[in-house]
Each structure stands twice: as structure tokens, then as C-alpha cells.
1. Which of the peptides 179-185, 88-94 is most tightly packed, and how do the rest follow, going by the mean number of other Cβ atoms within 10 Å of each residue?
2. How are the alpha carbon pair distances in the stretch 1-156 distributed across 5 Å bins from zero to the largest one, expressed in percent?
3. Build a GNM of the chain with springs between Cα atoms under 10 Å: which of 96, 237, 106 gets the top mean-square fluctuation?
4. Could you pull out which residues in the stretch 109-147 have an amide N less than 15 Å from a spot 7 Å beyond the Cα of residue 168, following the Cα-Cβ vector?
5. Just subtract the alpha-carbon distance of residue 129 and residue 10 from 0.36 nm times their residue separation and send over the number in nm, one decimal.
6. How long are the three semi-axes of the equivalent ellipsoid of the stretch 110-220, in whole Å, if each is the root of 5 times an eigenvalue of the C-alpha gyration tensor, listed from largest down?
7. If packing is taken as the average number of other Cβ atoms within 10 Å across a peptide's residues, how do 205-212, 69-76 rank, most packed first?
8. For helix 178-187, what angle does its Cα long axis make with the longest principal axis of the chain, in degrees from 0 to 90 and rounded to 10?
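Nothing in this text is a laboratory measurement; each read-out follows from the coordinates by a stated rule. Values in this document were obtained by computation on a predicted structure and should not be read as measured data. No Cβ is skipped: glycine too gets one built from the backbone with ideal geometry, and neighbour counts run over all protein chains shown.
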Ligand code: NAP
């Protein structure tokens, strides 16, 4: 059985490792190639875009695949849309694996927004100390709000991505625990956090820390996912793959 996992998340890697241990399953993990040194896998990986919907369809035609698991980050909307369209057209079963989103808890002060432009606008006119933990792709949007002082954390260097008078870039790779996040927020006197509603525990520390300090969080909602079967953890994804094994 040939399984294509669209990755870019820890769950995609974990799923690949678990499936690759099973007899009779050939897994390929596909990464976009954004991270310069992705973790080494014990099974085949392919790296780089497919070349849009047509490219993905061509790949699936050249590499006959019994099922596809979209384990991309919930904010990676384009690849998810292309996967849904390609799989529908080629009649390849597709499952989405996305962690449940975070839900607001008592004590949270969240300002929920639909996208990064709204997030930047929601910071207001008065200068504030802002912690941006949104990855690197959309950081430039905050150039529209240059009055704030930004602390920007990313995995890969993005110096120069935010041309505003007051910005500090820091490099770090999660997981980030709550106590360390609390210390960071205090050290930089952060007044407001901007985060994507990624879900999962690895990056939840900043949300819990903000709650403890009474700091507001601008929470960017997930883009709408394509219709279709979906699960929220690796075990459920493995069970779904098992149910799609072709007869011997
Ligand atoms: P996107 O906007 O949905 O995709 C942009 C393009 O990147 C796609 O059209 C595709 O190129 C290529 N691509 C994305 N995921 C791919 C994959 N798994 N394998 C091969 N090509 C892929 O995605 P994005 O937001 O740029 O995210 C890129 C990658 O980073 C994804 O793998 C995602 O899981 C990971 N990631 C994203 C975020 C986030 O916040 N967006 C956070 C953490 C990790 P072609 O059209 O040429 O096929």
C-alpha cells in the first residue's frame, strides 16, 4: 500500500514513522522545503512544491498512491485545497489530520480575528510591546502598524522581514513550555501576543503564560478547511489507513 503524507508538522513525521513500521506500507512524506534542515526521516521524503494542482495530479499519476493524508499545518490552506481537488479528481482517498484548535478558557483575554491584516489593525494606534509568534511568512503585514515595538520569534532567520523602527528578532524552535514563555513575556515586558490558532501542546505555553499575566492575545482563526473526512490525532489516522488497505 502506498501512502503519501503531506507534511510540515510533527504529527506528519510521527504518522510517517508509525506507518513505515507496518509491513506492506510504503510511505512518502512530502515537505514544502521551507525548513532548511528538516528532521531526518527513516522513510522516503520528497521536498519541494509539486507545481500547483496540475503538478500534484501529475505526481499522483506518476506515483500511484492508495491514499493521501493531509497532515499539513492548519494554516497551510493552498496545499490542502490542491490535495482535496487532486484527490477528488483522481479518486484517491484523502484524510485530513489536524490537531484540534485551542479553545478560550476562563481567564483568557482573546481578540479573535480572521486573518493577519485584521490582527495588525487590532493592535490599535497606541504603541505597544507586541510578541509576534506567527511564523515568518506573514510578518511583513505588521509593517502597516510601525508604531509598535515588536519581538518576533521564528525558527528560520527573517531579519529585515519587518521594516519598522523597533523590532527584535529571535530564533527558537519549539516546543516551548509555559514557564519559559512566562519568563520571556516578562523579560520583554510584552503587552500583547499575536498567535495563530495552531492547536497542540508544543506552542500552547505562550497562551497559558499570557493568561497568567493577564495579557491579551490576538488569536488568528484557522482558514476554512476543505470538506472531507478528518481526524485530530495520529492513532485515528493510522486506523483510517488500515481501513483503506487494498485487499491482498
Ligand atoms: P500553503 O500556502 O498551503 O502552500 C504553498 C505552497 O507550498 C503549495 O502551493 C505547495 O507548492 C507548497 N507546499 C505546501 N505544503 C507542501 C507539502 N507538504 N509538500 C509539498 N509542497 C507543499 O503552505 P504554507 O502555509 O506556505 O506552508 C508550507 C509548509 O509549512 C507546509 O508543509 C506546512 O505544513 C508547513 N507549516 C506551515 C505553517 C503555517 O503557519 N502556514 C506553520 C508550520 C508549518 P506547489 O503549489 O508548488 O505544490
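1. Working: 179-185: 16.9, 88-94: 14.4.
Highest mean packing first, the order is 179-185, 88-94.
2. Final binned percentages: 2, 8, 15, 17, 16, 13, 10, 9, 6, 3, 1, 0.
3. So, out of 96, 237, 106, the one fluctuating most is 106.
4. 128-133
5. Once the chain is fully extended between residue 129 and residue 10, it gains 39.8 nm.
6. On the way: eigenvalues 73, 47, 38 Å².
Each semi-axis is √(5λ); the values are 19, 15, 14 Å.
7. Highest mean packing first, the order is 69-76, 205-212.
8. Here the helix axis deviates by roughly 40 degrees.
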